[in-house]
Structure formats: structure tokens, C-alpha cells
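Colleague: Below you'll find the structure I mean.
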Amino acid sequence: MSVEEDGEWKDGPLLVKLREAARRLSLSERTVWGLGRSGILPTRRIGRSVRFTVEGLRTFANGNGAKHGDN
């Protein structure tokens, strides 16, 4: 991957806010927040902010994000 002039990756940002994560998954923000807190969706803390990884959202959407044998 390479960075374009505006500082974003060619295929988009690697981290997104809660609202964007919920929009991409077609879920409520509350549901996405719970999935992040439980560890099902990977998150990254930057100071007091929480961001969701785009790769984690893709993995979850493809059905590979279940933990503890849950489907």
C-alpha cells in the first residue's frame, strides 16, 4: 500500500470512528460499540479516542470474526 498526497491510503483509511464502522456494517452504533468492547471487533485507542480497524470490520462482515467458537 502507498500513501496518496492527502495522507490517506489508496484504498481508504485504516481506522474509522464508531459512526463510520456502524454505517459500514449496517448496524447500530450501540451494537458496534458492544462488539468492540467484547473484543469481537478489533479497536485501537489513540489517547481517549477509540477507532475500529477496517480490516477487522471486513473480517467480521465475512463471518470470520466469531470468538470462542460462536457463529
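Colleague: Cβ-Cβ distance below 6 Å, separation of 6 or more or different chains: which pairs start in segment 12-41 with a residue that is of a type in the set (Lys, Arg) and end on one that is surrounded by 17 or more Cβ atoms within 10 Å (Cβ to Cβ)?
Modeller: Close Cβ pairs (under 6 Å, with a partner that is surrounded by 17 or more Cβ atoms within 10 Å (Cβ to Cβ)) amount to Arg24/Leu57.
Colleague: May I ask you to list the residues in segment 16-40 that are hydrophobic (A, V, I, L, M, F, W, C) and at pLDDT 95 or above?
Modeller: Initially, segment 16-40 is screened for residues hydrophobic (A, V, I, L, M, F, W, C), giving 16, 18, 21-22, 25, 27, 32-33, 35, 40.
Of everything in segment 16-40, those that are hydrophobic (A, V, I, L, M, F, W, C) and at pLDDT 95 or above turn out to be Val16, Leu18, Ala21, Ala22, Leu25, Leu27, Val32, Trp33, Leu35.
Colleague: Oh, and also: If you scan segment 20-43, which residues turn out to be within 11 Å of the chain's Cα centre (by Cα) and of a type in the set (S, T, N, Q)?
Modeller: If the condition is that a residue be within 11 Å of the chain's Cα centre (by Cα) and of a type in the set (S, T, N, Q), then Thr43 is the only one that fits.
The values are calculated or read from the model by the stated rules, or taken from the named source; none is laboratory data. Owing to the predicted nature of the structure, the values given are computational and were not obtained by experimental measurement. Here the Cβ is made from the backbone with ideal geometry for all residues, glycine too, and neighbour counts use every protein chain on show.
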